[in-house]
Structure formats: structure tokens, C-alpha cells
Amino acid sequence: MRDPAIGEILVQGDELNRRVSQLGTQITADYADRSPVVLVGVLKGALFFLADLMRRLDVPCEVDFMAVASYGSATQSSGVVRILKDLDAVIEDRHVLVVEDIVDSGLTLQYLLRNLRARGPASLEVCALLTKPARSKVELEPRYVGFEIPNRFVVGYGLDHEERHRNLPFVATLRQPEPGGGSGADW
Ligand code: IMP
């Protein structure tokens, strides 16, 4: 049975597959003379996207992870970011591709890029599965974007709300619970 907390499906599983495959082809071509590439997955949301994308790359690549926490409310980041887990690898003179689940205001990514750039990588680009252009607060255009979505709070394919719903094989909006226990309007 479908969870009543899940609203409209914005990106179906087969669309995710197709787009990740396209991104893999594009990144493979772009990094033909810039390998090995170090994929930096931002935990935990980029988990499935990173795993699927990496299997579509036909260039030498490595993987590493960072975990960050953004101070702010449950659905709004402040731009003040704390590193919970740093990279194992040294990225000086390496080609780095940051793999993000979603760029909302862009504040988290802006902080992350500033931090990584200071380590002197040979190149630094971003591949984001989703962006919400209407919410952008910073001048920051990821080099690779899976899908632009409207200003809605979404879950699935790695994205969570309070750690739930990451396992959904599609991206869907979340329905705001009503005080009476019913499922209300979409966020
Ligand atoms: P930003 O700093 O506003 O760009 O927020 C980025 C982070 O907030 C993402 O990496 C997610 O962890 C989280 N986030 C933003 N929007 C959503 C959403 O719609 N669903 C789930 N997480 C989100």
C-alpha cells in the first residue's frame, strides 16, 4: 500500500535511469582527458545517485564521501555548515566531481565548494541530481544537473524527511500531515 505521506511523483524510476545514463555518457566524454576523477558523494542523500552514476562512467574513477550538517530548520538551510565526516583522500591536484542529491538554496554547496577549492584540486565540478531554481540564493550553476524541479519538498531515491523515504525508487513530494491524522496538502 502506498504511504499516505507520499504525494505526487515528480520523477519516475525509469526517468531517473534514463537521465543518470545520459549524465554518465556526458561525464565520461568530458573526463576522457581528466582522469582519474574523484567522485565526492555528499552523504547521505547522494547515496543511490552516486552508486548508479558511477556504474555509468567509463573512465578511471575513485569514490570518497563527505557528510555535512546544515544548521537551520528541518526544511530550510542556513548556509552555516558543519563537517561531520571529511574526505579520506587528499584532493590536491586531483580532478574532483562533487555528487549532490539536491541543490535547494545552494548555501550548503557554496560552503562545500569553498572548502574543497581551498585544498587545491586540479578541477572541481558539481553533478546534482535535482535543483530547485526558484529557491536559489547564490550564483552557483552545477556543471551537471539531472532534473530541475519546482519549489516542493521531495523524498525518495536517497532523499529523506527525518531519515524516512530514502528507499523509494522514484522522487515524490511529501504530504504535510493534518492535525487530525489525515494526509493534507503537498509541501
Ligand atoms: P541548501 O543548502 O538549501 O541548498 O540545502 C541542501 C540540502 O538540504 C540538501 O543536500 C538536502 O540534504 C536538503 N534538502 C533541500 N531540499 C530538500 C528536499 O526537497 N528534500 C530533501 N532534502 C532536501
- Item | Test: residue in region 50-73 that is within 26 Å of residue 26 (Cβ to Cβ), outside any strand (DSSP E or B) and within 14 Å of the ligand (Cβ to nearest atom) | yes
- Message: If I ask for residues that are of a type in the set (A, V, I, L, M, F, W, C), more than 14 Å from residue 11 (Cβ to Cβ) and touching an Asp or Glu at 6+ places or on another chain (Cβ under 8 Å), which ones from region 113-152 would you list?
- Response: 122, 126, 127
- Go through 29, 74, 69, 46 for me and flag whichever is at pLDDT 95 or above and exposed (fewer than 14 other Cβ atoms within 10 Å of the Cβ). 29
- Item | Any chance residue 90 is part of a loop (DSSP other than H, G, I, E, B), surrounded by fewer than 16 Cβ atoms within 10 Å (Cβ to Cβ) and among the hydrophobic types (A, V, I, L, M, F, W, C) | yes
- Message: I'm trying to understand the selection: among the residues of region 1-26, which are surrounded by 15 or more Cβ atoms within 10 Å (Cβ to Cβ) and in a loop (DSSP other than H, G, I, E, B)?
- Response: 5
- (1) of a type outside the set (D, E, K, R); (2) modelled with pLDDT of 90 or more; (3) surrounded by 12 or more Cβ atoms within 10 Å (Cβ to Cβ); (4) more than 8 Å from the ligand (Cβ to nearest atom) all hold for residue 109 apart from (4)
- Kindly check whether there is at least one residue in region 158-177 that is within 23 Å of residue 97 (Cβ to Cβ), modelled with pLDDT of 95 or more, more than 10 Å from the ligand (Cβ to nearest atom) and surrounded by 15 or more Cβ atoms within 10 Å (Cβ to Cβ). no
- Message: Can you tell me which of (1) over 12 Å from the mean Cα position of the chain (by Cα); (2) away from the ligand (no atom under 13 Å from the Cβ); (3) touching a residue at least 60 places away in the same chain (Cβ under 8 Å) is the one residue 90 doesn't meet?
- Response: (3)
- Query: Checking residue 108 against (1) in a helix (DSSP H, G or I); (2) farther than 22 Å from residue 44 by Cβ, which single condition isn't satisfied?
  - Reply: (2)
- Task: Quickly run through region 49-66 and pick out the residues that are over 20 Å from residue 111 (Cβ atoms), of a type in the set (Asp, Glu) and either buried (at least 18 other Cβ atoms within 10 Å of the Cβ) or in contact with a strand residue (DSSP E or B) (Cβ under 6 Å, 6 or more places away or on another chain) (or both).
- Result: 52, 62
- Check region 16-28 and report whether any residue there is of a type in the set (Lys, Arg) and either closer than 20 Å to residue 114 by Cα or in contact with a helix residue (DSSP H, G or I) (Cβ under 9 Å, 6 or more places away or on another chain) (or both). no
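The values are calculated or read from the model by the stated rules, or taken from the named source; none is laboratory data. As the structure is a computational prediction, the values presented were derived from the model and not from experiment. Because the Cβ atoms are built from the backbone with ideal geometry, glycine has one as well, and the counts that use them run over all protein chains shown.
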